[in-house]
Amino acid sequence: MKADIETGKNILAEALKNPVASNRDIVFHYSRDHRMERASQDVNNLNDGVVRKPAVFGIFTSTRSHGVLFISIIVLCAFITIIARMTGGVYKLDGNNISVSAMRYEGATFVVFKKTFMEDAYTGPVDIAVSPSDAKGDSSDVSSVFTWRVYFTPDDEDFPVSIPLDARKLTALLRTETKSISMKIKVE
């Protein structure tokens, strides 16, 4: 082992005494034409100044990972839309879940408020006011406001109401002793 170390020291000392001539240049062989022959068509198009604008759909699906991400976003949006349409409008009023549906039949509008009782939810009187809405969702005619009072009990309940008008959109206000909610109702 000592002999190997001594041999290494001798080689190093010899290299330091007689360095390699530095006047020798390294020659590089570079041919742009040869490189461009082997390049892809996209690189050749960029070199020639031909720029192809990708289509909108092509941007989202240019690679496999972009395509998978794009499809995932589409599926997620569709799933959210379906869930939103299936659940409809569910509102909370003092711990009770309230959903509403409405339909027209022979000049009258039928509205059904469905209450789902939750633990420690409000029980007692609830005032309900319903009026037709214009295209902006504002209740324009105060004389067409229909009001009544119902009583929430600790059970799941339905409160059906018939309103003698033919409206496409309604605005409803539900008010307890401490809280109130407003909801827009689309009549089917």
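Just so it is clear, none of the values below were taken in a lab; they were calculated from the coordinates. If you're wondering where the values come from, they're calculated on a predicted model, not measured in any experiment. Glycine also receives a Cβ, built like all others from the backbone with ideal geometry; neighbour counts cover every protein chain displayed.
Listed from fewest to most Cβ neighbours within 10 Å, the set Leu16, Leu165 follows the order Leu16, Leu165.
Testing the spin-label approximation: label points 7 Å from Cα along Cα→Cβ at Glu188 and Ala55. State their distance in nm. Placing both labels 7 Å along Cα→Cβ, they lie 3.7 nm apart. Per-residue extension of 0.36 nm, minus the Cα-Cα distance of Glu14 and Phe110, leaves a gain of 24.0 nm for this segment. Across the chain, C-alpha contacts under 8 Å between residues 6 or more apart give a mean separation that, scaled by the residue count, equals a relative contact order of 17 percent. Each helix, a run of at least 4 DSSP H residues, gives -39500 (n - 2.57); summed and divided by the residues of the chain, these come to -10000 deg cm²/dmol at 222 nm. Along its three principal directions, the equivalent ellipsoid of region 57-133 from the Cα gyration tensor extends over semi-axes of 41, 19, 9 Å, largest first. For mean projected area of the Cα convex hull in nm², the value calculated from this model appears in (1) 10.2; (2) 12.1; (3) 31.0 under label (3).
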